[in-house]
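Throughout, read-outs are computed from the coordinates displayed, never taken from laboratory work. Computed from a prediction, not measured in an experiment: that's the story for all the values here. Note that we place each Cβ from the backbone using ideal geometry, even for glycine, and neighbour counts take in every protein chain shown.
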Amino acid sequence: MDEGSFSRVGVVGLGTMGAGIAEVLARGGLAVVGIEVNQDALERGRGHLEGSTGRAVKRGRLTEDAQREILGRVALSTDFADLGDCDLVIEAVPERLDLKRKVFAELDRVCRDDAVLATNTSSLSVTDIAVTTGRPTKIVGVHFFNPAPVMKLVEVIATVLTEPDAVARVAALVKGLGKTPVTIGDRAGFVANRLLFGYLNQAAGMLESGHATRDDIDAAMKAGAGLPMGPFTLMDLIGLDTCLEVLDAIYAESRDRRHAASPVLRELVTAGLLGRKTGRGFYSYDASGETEGAADEGAPPVVGIVGVGPLADALAALCDRAGAQVR
Ligand code: 3HC
């Protein structure tokens, strides 16, 4: 089977992840049907799609014609019946098992019998979702990473019930979209989150214990480990509620204290400070999404150097070149 075995793909839920997935599919030349619960949510989804492709146009990565073509491939609707002729439907609604089960019951009803149904869950068991449908052999996980249009990895999750052909077809589709598929079994955190969240949680723990500041931990991992973002910037991007859900799910399975969510994370989520999407998490963001008050903004740092001599001179020159005020 090749990626051509799917030509019309539905996406249910057009939040950050769902809209990103719809964009990836449409960029890959597929006809996409995007579904949301009501007109307001649908308009927000349209906004995500226009915003993300618009940014690519501004950066010279996409022509306006190509943007129009991509957006033209996405049909938006609030009616599940419009998914009736899709070969594959990807669900990307909020991470609540009751909600996902409701969506899958509806998909089971409206989709063709041979359609493959996929969930983009990052913390729930794919098997738990599969067993409530009438077609457990056709249920897979397809786990995209945020931001979906940029991140290359897609985890394809097979339960013990999934037929191998459905998994192979989805993995081929992912490859055809220019992404890197990794096929794995249904275990909490799959591969990437299982490893990544031990690290993110430890960063939160280090902040909590006063080991280092938020800015220094972020700077250390960015400048010292070559990561594109420090752990707090990344948690704010992922969403602290999602971080907590993922950690709780992994901890429930692993019982490993590395995955026992740090209290500061739970506290911020309880307070409604969920990261970028609410304007505040570990950092605060202005209306345009720019970080406010991070260490590398505002007045230059002042560095005092005690002592004289060639080493002090060299240090002073180095700090000066880096934009610091040297005393
Ligand atoms: N949507 C679409 N495109 C985006 C985007 C978005 N939200 N954010 C950034 N981009 C694109 C930009 O347009 C740009 O594209 P170009 O190179 O073609 O012009 C490119 O990404 C780089 O963006 P920027 O120059 O604005 O900024 P950065 O160089 O800082 O990159 C980043 C931004 C891609 C987000 C980068 O910082 C990064 O890779 N961060 C780590 C992200 C990560 O680890 N994600 C995984 C999280 S775990 C997860 O999602 C699993 C879940 O289950 C929790």
**Request:** Could you run the Karplus curve 6.51 cos²θ - 1.76 cosθ + 1.60 with θ = phi - 60° over the stretch 208-222 and give me ³J(HN,Hα) per residue in whole Hz, x for Gly and Pro?
**Result:** 4, 8, x, 4, 7, 7, 3, 5, 6, 5, 4, 4, 4, 6, 6
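Report the relative contact order of the chain, percent, no decimals, based on alpha-carbon pairs under 8 angstrom and at least 6 residues apart.
Values: 555 pairs, mean separation 39.6, N = 327.
Dividing the mean separation by the residue count of the chain yields 12 percent.
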**Complete:** Per the stretch 236-284, sqrt(5λ) over the Cα gyration tensor eigenvalues, sorted largest first, in Å, gives 21, 9, 7
**Asked** If each residue's Cβ is checked for other Cβ atoms within 10 Å, how do D248, D313 rank with the fewest at the top?
**Response** D313, D248
**Item:** Amide H contacts under 5 Å for T119, placed H, 5+ residues apart
**Value:** E91, V140, G141, V142
**Prompt:** Can you give the FRET efficiency for T183 and A287, using 1/(1 + (r/R0)^6), R0 = 51 Å, r = Cβ-Cβ distance, to the nearest 0.05?
**Reply:** 0.80
**Complete:** V160 and E64 label points (each 7 Å along its Cα→Cβ direction) are spaced in nm at 5.7
**Estimated inter-spin distance, R109 and A316, nm [label 7 Å along Cα→Cβ]** = 7.8
**Request:** Two decimals is fine: what is log10 I(q)/I(0) at q = 0.14, 0.15 Å⁻¹ for the chain, from a Debye sum with one equal scatterer on every Cα and no solvent?
**Result:** -1.13, -1.26
**Asked** How far apart, in nm, are two points set 7 Å out from the Cα along the Cα-to-Cβ line at R255 and at I305?
**Response** 5.7
**Fill in**
Here D for the stretch 98-142, in µm²/s, from Stokes-Einstein with a Kirkwood Rh over Cα pairs at 20 °C and 1.002 mPa s, works out to 207
**Message:** Using +1 at the C-beta of Lys and Arg and -1 at the C-beta of Asp and Glu, which of V308, H259, L173 has the Cα lying farthest in the positive direction of the dipole of the chain?
**Reply:** V308
**Prompt:** Which ³J(HN,Hα) values, rounded to whole Hz and listed in residue order, are derived for the stretch 56-71 from phi using the Karplus coefficients 6.51, -1.76 and 1.60 in 6.51 cos²θ - 1.76 cosθ + 1.60 with θ = phi - 60°, glycine and proline given as x?
**Reply:** 5, 5, 4, 7, x, 8, 8, 7, 5, 5, 5, 4, 4, 4, 4, 5
**Prompt:** Out of the DSSP beta bridges found with both residues in the stretch 8-185, what percent are antiparallel (nearest 5)?
**Reply:** 15
**Request:** Just subtract the alpha-carbon distance of L237 and R96 from 0.36 nm times their residue separation and send over the number in nm, one decimal.
**Result:** 48.7 nm
**Request:** Rounded to the nearest 500, what is the 222 nm mean residue ellipticity of the chain from helices alone, with -39500 (n - 2.57) per DSSP H run of 4+ residues and division by all residues?
**Result:** -14000 deg cm²/dmol
**Request:** Going by C-beta contacts inside 10 Å, put C243, C111 in order with the fewest on the left.
**Result:** C111, C243
**Prompt:** Ordered by residue, what ³J(HN,Hα) values in Hz, to whole numbers, does the stretch 12-23 give under the Karplus form 6.51 cos²θ - 1.76 cosθ + 1.60, where θ = phi - 60° and Gly and Pro are x?
**Reply:** 9, x, 10, x, 3, 6, x, 5, x, 5, 4, 5
**Fill in**
Once normalised by the length of the stretch 191-278, the mean sequence separation of its alpha carbon contacts under 8 Å that are 6 or more apart gives a contact order in percent of 34
